[in-house]
Amino acid sequence: APSGGSPSLPLLQQQQQRPIARAAAWLGNAVQSLLDWSPFIVVQFLQGICSPVVSLGSGMLAAGGLLAMKRCLDGPSWSPKTLDLGQFLLFGALLAAALLVEAVCSNRERAGAILVLWFNPFTTGGVAGIMWASIARGRPFVWEYLKGQMPDVVCERLMAKKWFRDQLEEVAWFWVRVLVAMTLVVCIQPLLVTISFDGEVSNDASGDMEQLGNFLTCGQFVILGYGIWKSWKAARRQEEIKRRVREVKESGLSRSEALMYPPVSVCVEAPQTCQARAGPTDPKKHHVRTLTTAPDLDTAARILADAFEHDDLFAGFLDTAAGKQSFYRASIGAMACFNQVLGCFESGVAARGPRAIMAATPVLSKSPEEIDVFG
């Protein structure tokens, strides 16, 4: 923890700028989410006001404009995202189908009524199909959004790991379930109208079917809002974790938190069986103490890297000794905040380093912060 006294001016400026930076990041993510969903939102908004041809044409134009805008912003390195390109192709195909139905069918009013009736399930289910297709081909659509936040080399290496792909698929499946739920909700009214009123909402003299359709459309957006809220909450949780880690790194634990993890310093007798086999110069006692200084933690990381040199965890991920040592040094850095990195020294041999290391994940707190935040 830093020594007492007033914080420096640069530190105060950083602390004042952080809320502004977090608000700007949140606003940027919100705008990005609205842009990504804008073609779908345009289609759903217009479907109750305009004809299917106008709604689908507007959605296709919105999707095309979104692709063009991202192409201009990203430059030559741009490649279309699955969701962006999928929405453009989906609304374009549905537009072509609507124009073909209106041109071929002799009873245009009947054809138009069917298109209007099933318009919402087709568009919503189509977007769910796009998301499912990205999972089926092994590249969940969420990967494309994550890819822009890290170097390509790092992203490709992570994609080679099953645990990382499983996490991406879990997020992608969440959105597929959201869209499927939305599709099922808006299928209720068309099914009832098709079965009971010969596919014509106007045949319902009471007007209940029309009101039901409007109500279910609103329910559809409630489900979509829930999905966006869950995604925002997960992103916010990651920001909270980063903020807490930064806080402990800069200021250390509070007094009450530090009392839960007191430093260890004990001398222990060697077991009788070990003393019987020990030579005349071997120590009969050992000193176990907490390691907190940078040199001690560097030594501990080297010992752990040597001990787990052939661990399958590193296969294809960290191939060099320096890389493995750096991995353990980063891992035990968090444990050291809680005084849970222990070294065993030979008593009376001060010049020698630790003969054994124990790095323990702390679980003594009343809250699971050590696991959820510090990993």
Next item on the list: Would you mind stating whether Ile195 is open to solvent by 70 Å² or more (accessible area, probe 1.4 Å) and closer than 23 Å to Ala98 by Cβ?
Entry: no
Margin query: Could you go through the range 186-202 and let me know if any residue there is in contact (Cβ under 8 Å) with a residue 40 or more places away in the chain, of a type in the set (Asp, Glu) and within 17 Å of Asp36 (Cβ to Cβ).
Written below: no
Note to self: If I filter the range 251-274 down to residues being in a helix (DSSP H, G or I) and aliphatic (A, V, I, L, M), which single residue comes out as modelled with the lowest pLDDT?
What the structure shows: Ala258
Margin query: List the residue pairs whose Cβ atoms are under 6 Å apart, where the first residue sits in the range 112-126 and is farther than 14 Å from Leu46 by Cα and open to solvent by 20 Å² or more (accessible area, probe 1.4 Å), the second is part of a helix (DSSP H, G or I) and among the polar types (S, T, N, Q), and the two are 6 or more positions apart or on different chains.
Written below: Gly125/Thr183
Notebook entry, point to check: In the range 45-56, what residues are part of a helix (DSSP H, G or I) and in contact with a Ser or Thr (Cβ under 7 Å, 6 or more places away or on another chain)?
Noted result: Leu46
Item checked: helices (runs of 4 or more DSSP H) completely within the range 286-375 that count 2 or more residues being modelled with pLDDT of 85 or more, open to solvent by 30 Å² or more (accessible area, probe 1.4 Å) and closer than 29 Å to Gln238 by Cα -> 294-307, 321-336
Check: Do we find a residue being among the aromatic types (Phe, Trp, Tyr), farther than 28 Å from Leu46 by Cα, surrounded by fewer than 19 Cβ atoms within 10 Å (Cβ to Cβ) and under 26 Å from the mean Cα position of the chain (by Cα) anywhere in the range 131-143?
Finding: no
Item checked: Tabulated pairs, the range 230-250, first part of a helix (DSSP H, G or I), second modelled with pLDDT under 75 and open to solvent by less than 90 Å² (accessible area, probe 1.4 Å), C-beta under 6 angstrom, 6+ apart or interchain -> Ile241/Val373; Arg244/Val373
Note to self: Please count how many residues of the range 198-229 are open to solvent by 30 Å² or more (accessible area, probe 1.4 Å) and part of a loop (DSSP other than H, G, I, E, B).
What the structure shows: 4
Next item on the list: State all residues of the range 130-143 that are in contact (Cβ under 8 Å) with a residue 12 or more places away in the chain and part of a helix (DSSP H, G or I); if no residue qualifies, say none.
Entry: Ile130, Met131, Trp132, Ala133, Ser134, Ile135, Phe141, Val142, Trp143
Next item on the list: Looking only at the range 88-110, decide whether some residue is within 28 Å of the chain's Cα centre (by Cα), surrounded by fewer than 20 Cβ atoms within 10 Å (Cβ to Cβ) and at pLDDT 75 or above.
Entry: yes
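The values are calculated or read from the model by the stated rules, or taken from the named source; none is laboratory data. It should be emphasised that the depicted structure is a prediction, and the values quoted were computed from it without experimental measurement. All Cβ positions, even for glycine, are placed from backbone atoms using ideal geometry, and neighbour counts span all protein chains on display. To get the accessible areas, we keep the full protein, side chains included, count just its heavy atoms, and leave off ligands, DNA and RNA. Shrake-Rupley method; radii C 1.70, N 1.55, O 1.52, S 1.80 Å.
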